[in-house]
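The structure appears right after this line, and notes come after that.
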Amino acid sequence: MGRVERSIEIKASPEKVWEMLALDRLLEWQLGFEKEMKSVEYTSEVSTPKDKYRMGATAHGIPPKQGEPINCHFEITESLENEKITHRLWEKVYRGTMAVLITYILEPVDGGTRLTLVGVPEMPWGILGKIIEPLILRMGIKDYERSLKNLKSILEK
């Protein structure tokens, strides 16, 4: 199984970076979803701001056009406040479900935070999925790098 890992140093506290990792804030900085979603809404109960980050919290992507089916879903599978959060994103694709497990690791560094993003795809279609996985990873790497730079730019304003 392939894996993408990218890190960036951001001149912002882990707490400020953490705030941007809520599922409903991902589209503010994460690139590559523009055509698939106009927003992300929680499907699990959110009574307090901390509920957005709790393990088991779920959300789905709202399609750009009204009436289109909801295809992207999220679930937080691990959460350590201001340190690490993992969510699984999955969507139905032709005769299968394509997913990616995305982990964000926050480490305090002098003057800010080192944010590491780790993406692990889960491809459908058996051997065919294994064959196209490197292509999916290459596309993901570019989006991850651009997204991290975008997040840095937003938080360092």
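The values are calculated or read from the model by the stated rules, or taken from the named source; none is laboratory data. All figures in this text were calculated on a predicted structure; none of them were measured in a lab. Cβ placement follows ideal geometry from the backbone for every residue including glycine, while neighbour counts extend to all protein chains displayed.
Considering the conditions (1) surrounded by fewer than 15 Cβ atoms within 10 Å (Cβ to Cβ); (2) at pLDDT 95 or above, residue 17 is excluded by exactly one of them, (1). Here the strands (runs of 3 or more DSSP E) wholly within segment 16-106 that include at least 3 residues being without any contact (Cβ under 8 Å) to a residue 60 or more places away in the chain and within 21 Å of residue 4 (Cβ to Cβ) are 72-80, 84-93. Of the residues contained in segment 44-60, none is found to be modelled with pLDDT under 95, more than 18 Å from residue 116 (Cα to Cα) and among the aliphatic types (A, V, I, L, M). Please go through (1) loosely packed, with under 15 Cβ neighbours inside 10 Å; (2) farther than 20 Å from residue 147 by Cα; (3) of a type outside the set (Gly, Ala, Ser) for residue 25 and return the number of the only condition it doesn't satisfy. Going through the list (1) loosely packed, with under 15 Cβ neighbours inside 10 Å; (2) farther than 20 Å from residue 147 by Cα; (3) of a type outside the set (Gly, Ala, Ser), residue 25 breaks only (2). Checking each residue in segment 42-63 for being over 16 Å from residue 77 (Cα atoms) and within 14 Å of the chain's Cα centre (by Cα) picks out only 61. Looking only at segment 65-75, residues that are more than 12 Å from residue 26 (Cβ to Cβ) and either surrounded by 17 or more Cβ atoms within 10 Å (Cβ to Cβ) or under 18 Å from the mean Cα position of the chain (by Cα) (or both) come to 4 in all.
Tell me whether segment 88-99 contains one or more residues that are exposed (fewer than 13 other Cβ atoms within 10 Å of the Cβ), at pLDDT 95 or above and out of contact with any helix residue (DSSP H, G or I) (no Cβ under 6 Å at 6 or more places or on another chain). Scanning segment 88-99, I find no residue that is exposed (fewer than 13 other Cβ atoms within 10 Å of the Cβ), at pLDDT 95 or above and out of contact with any helix residue (DSSP H, G or I) (no Cβ under 6 Å at 6 or more places or on another chain), so the answer is no.
Being outside any loop (DSSP other than H, G, I, E, B) and modelled with pLDDT under 95 is the filter; apply it to segment 1-14 and report the residue that is surrounded by the most Cβ atoms within 10 Å (Cβ to Cβ).
Residues of segment 1-14 outside any loop (DSSP other than H, G, I, E, B): 4-10, 14.
Retained after the next criterion (residues that are modelled with pLDDT under 95): 4-6.
Working: 4: 19, 5: 13, 6: 16.
That would be 4.
Scanning segment 28-43 for residues that are touching a Pro at 6+ places or on another chain (Cβ under 8 Å) and either crowded, with 16+ Cβ neighbours inside 10 Å or modelled with pLDDT of 95 or more (or both) turns up just one, 37. Taken as a whole, the structure leaves residue 90 outside the set of residues that are under 26 Å from residue 107 (Cβ atoms) and of a type in the set (A, V, I, L, M, F, W, C). Please verify whether residue 80 is out of contact with any helix residue (DSSP H, G or I) (no Cβ under 9 Å at 6 or more places or on another chain), under 21 Å from residue 120 (Cβ atoms) and loosely packed, with under 15 Cβ neighbours inside 10 Å, treating the condition exactly as stated. Yes, satisfied.
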